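Encoded as structure tokens, the structure appears first; notes follow it.
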Amino acid sequence: MNQIAPRGKTDGLYDRVRHLVPEMEWETFVEDIRAIETLKRERNAVILAHNYQTPEIFHCVSDIRGDSLALAREAQNTDADVIVMAGVHFMAETAKMLNPHSTVLIPDLRAGCSLADSITGADVRLLRQRYPGVPVVTYVNTSAEVKAESDICCTSGNAKRVVESLGTDQVIMIPDEYLARNIEAETGIKMITWAGHCEVHERFTPGEIERMRADHPGLVVLAHPECPPEVVAVSDFSGSTAMMDDYVRDHKGGRILLVTECSMSDNLAVRYPQTEFIRPCNMCPHMKRITLANIRQSLENMTHEVTLDPEMASRGRRAVERMLAI
């Protein structure tokens with residue numbers, strides 16, 4: 001590939017992230033960013049970036065940004081030939097389900113998820129045998145195989161609405177035990193749970209939250225519903241990353257603690273500089289496997305392509321589309 005001349009730090013892109021990315025670090029990103037922009041045009045490609053991606057990916061090369069629900073919805077609407085998932089593997093599988101005729105790439109095959117790894121399709125079939133007739137609501141943080149065994153999917157942003165739409169007094173909600181318990185507390189609907197946990201959110205504790213409050217007077221705490229129920233109980237608000245974004249947008253200023261993956265605070269700080277974000281930094285090791293360098297390599301070499309068994313993909317797509325229809 002031809003050498004690409006560096007882009008200056010004041011070209012507009014650096015202005016977006018200058019208070020988060022030092023100039024010296026930015027210079028290491030410039031060549032990859034310019035190459036990615038060229039490759040996107042050549043490949044008719046789009047980059048989908050989850051809220052947990054680092055700012056140089058989220059704000060400088062991505063085309064579609066958001067939480068897993070937003071990415072699932074927008075993936076349906078793209079006419080790109082190539083979709084690059086700057087996220088984790090289950091998100092790439094969901095994009096492929098909804099865009100079977102597009103080429104979907106994941107820059108690093110190791111970008112997994114502790115929740116997705118906690119359950120298999122065989123586990124879901126056993127749950128159905130044990131609780132016949134009880135609907136299965138599956139969090140999108142699961143493999144295509146698990147989605148294919150489910151009645152409907154949900155995200156942390158729409159889980160309450162999905163569960164209530166079923167009109168039952170009991171639901172199998174998998175695999176995130178804490179999300180299920182938090183939704184049970186909100187709805188009063190009995191949850192049959194699975195012992196899956198997010199390796200980022202399960203580490204937060206009520207004691208940590210209270211210490212943060214003591215150190216930062218006036219702190220407002222927003223907790224992700226993948227956190228343990230006792231953490232949600234001592235927070236001021238609980239919601240998905242998109243709901244956190246909406247909260248910060250509607251309550252500009254002040255001090256806010258986001259009890260979630262720490263890149264979320266970085267990305268919101270770009271849009272809401274008047275808000276002071278207190279950062280307890282629990283990082284997702286899987287999200288951080290995605291870098292500008294391997295996004296560039298993915299587009300250059302068309303790796304790594306996500307493929308799904310057509311019959312399984314069709315069944316999984318039904319569960320996702322039922323969610324999107326609510």
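Bear in mind that the values in this text are calculations on the coordinates, not laboratory data. From a predicted model like this one, the values you see are computed outputs, not experimental measurements. Cβ: placed from backbone, ideal geometry, glycine included. Neighbour counts: every protein chain shown.
When ranked by the protection proxy of mean other Cβ atoms within 10 Å per residue, highest first, what sequence do the peptides 300-308, 253-261, 140-148 form?
Packing proxy ranking, top to bottom: 140-148, 253-261, 300-308.
Can you tell me what the convex hull of the Cα atoms of region 134-216 projects to on average, as an area in nm²?
6.3
Around ARG125, with a cut-off of 15 angstrom between Cβ atoms, what is the net charge of the other residues, counting Lys and Arg +1 and Asp and Glu -1?
The answer is 0.
Based on the alpha-carbon set only, what is the convex hull volume of region 160-319 divided per residue, in Å³?
In region 160-319, the Cα hull volume divided by residue count equals 152 Å³.
Can you give the charge dipole size of region 220-326 about its Cα centre, rounded to the nearest 20 debye, using +1 on the beta carbon of Lys and Arg and -1 on the beta carbon of Asp and Glu?
Dipole of region 220-326, to the nearest 20 debye: 140 debye.
Can you compute the label reach from GLU25? Point 7 Å from Cα along the Cβ direction, backbone N cut-off under 15 Å, restricted to region 35-67.
Of the residues in region 35-67, 53-60 have backbone N under 15 Å from the label point off GLU25.
Nearest 5 is fine: what % of DSSP beta bridges in the chain come out antiparallel, could you say?
5
Using per-residue counts of other Cβ atoms within 10 Å, averaged over each peptide, order 152-163, 19-30, 207-218 from highest down.
152-163, 19-30, 207-218
If we sort 236-244, 35-43 on the protection proxy, mean other Cβ atoms within 10 Å, highest first, what's the order?
236-244, 35-43
Once you put a point 7 Å from the Cα of GLU300 and another 7 Å from the Cα of ALA195, both along the Cβ direction, what distance in nm separates them?
4.5
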